[in-house]
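Student: Would you mind keeping the following structure in view while I ask a few things?
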């Protein structure tokens, strides 16, 4: 039965593609994307990551090629992660502070090739450099030590800033590290280097493929539940964000992504600051395996999930689908 007064029909604005575009509340562009890339040793080396179909580790020279590709696609930032060789790993992660380590060589190579045409976000944590796979220094019982780790992270951050990093991204979840890193950057002439804090990083089951990519899965002794957040907590995430902002973070990150969109929304509404999310390796792998099983359309799923991050309040998203999504958005 037709209503007597059909004055309001929400379907009117959905009837055509141009009208849907005109009334769309949330948009996604390549400028919203950060592309995580894994760096490995060698020349002209591409090593596919078995746990991440379509993702590879790249030697430094090929990372430069990926940076050029990102510029052409309109992706503004690369996030770099090193696959440190086993003989360079140690109990104290000293390689993180080596000015000629894999990360620093990649930073300098991209900076030399492209200047300021692309931003470089660099991970700060010790797990790619430790022989035990933890993000920090450990005592004899295997407990991750907070203050000693913060001191090491400051050295790692200054090392990356000196190489040319634009955004330092501490992913370790030690208490007080943002303030210590910010002070060190200010005191060494790096006041324009940003800090994007992994402020709400959960002890998640979605990180497995990433640990394969950086070579730490088989090394990890124990778990990371003493410093990463409990998945059941929301208010604690807000406390973490508040602390990191007070200590000088320029932006904050929620990790993982889709399972924690409620946290993204709470953070954005509470603090009104730039919030980013990491669509982590397990999320990426779920999409790719669904596509391989014939259960999903990759293009549609990629764009819909990334749009969901923007709708929840993200300023941008770290995603392994960044280049693919950017091509789709260019049409």
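Student: What residue, among those in segment 191-222 that are more than 24 Å from residue 252 (Cα to Cα) and surrounded by fewer than 21 Cβ atoms within 10 Å (Cβ to Cβ), is modelled with the lowest pLDDT?
Tutor: Once the filter is applied, the top-ranked residue is 217.
Student: So which of 254, 302 is within 22 Å of residue 171 (Cβ to Cβ), modelled with pLDDT of 95 or more, surrounded by 15 or more Cβ atoms within 10 Å (Cβ to Cβ) and within 17 Å of the chain's Cα centre (by Cα)?
Tutor: Values: 302 fails: within 22 Å of residue 171 (Cβ to Cβ).
Going through 254, 302 in turn, just one is within 22 Å of residue 171 (Cβ to Cβ), modelled with pLDDT of 95 or more, surrounded by 15 or more Cβ atoms within 10 Å (Cβ to Cβ) and within 17 Å of the chain's Cα centre (by Cα): 254.
Student: Here's another thing I want to ask about it. Return the pair list, or none, for Cβ contacts closer than 8 Å from residues in segment 284-302 that are free of Cβ contacts under 8 Å to residues at least 40 places away in the same chain to residues that are assigned to a loop (DSSP other than H, G, I, E, B) and surrounded by 14 or more Cβ atoms within 10 Å (Cβ to Cβ), at least 6 apart or on different chains.
Tutor: The qualifying pairs are 287/296; 287/321; 290/296; 302/321.
Student: What number goes with the only condition from (1) touching a helix residue (DSSP H, G or I) at 6+ places or on another chain (Cβ under 9 Å); (2) crowded, with 16+ Cβ neighbours inside 10 Å; (3) modelled with pLDDT of 95 or more that residue 307 does not pass?
Tutor: (1)
Student: Now for a separate question. With respect to residue 108, is the statement that it is modelled with pLDDT of 95 or more and within 24 Å of residue 72 (Cβ to Cβ) true?
Tutor: On the way: modelled with pLDDT of 95 or more: yes; within 24 Å of residue 72 (Cβ to Cβ): yes.
Spelling it out, residue 108 is indeed modelled with pLDDT of 95 or more and within 24 Å of residue 72 (Cβ to Cβ).
The values are calculated or read from the model by the stated rules, or taken from the named source; none is laboratory data. Only a predicted model underlies this, so the values are computations on that prediction, with no experimental measurement involved. Ideal geometry is used to build each Cβ from the backbone, glycine not excepted, and the neighbour counts take in all protein chains shown.
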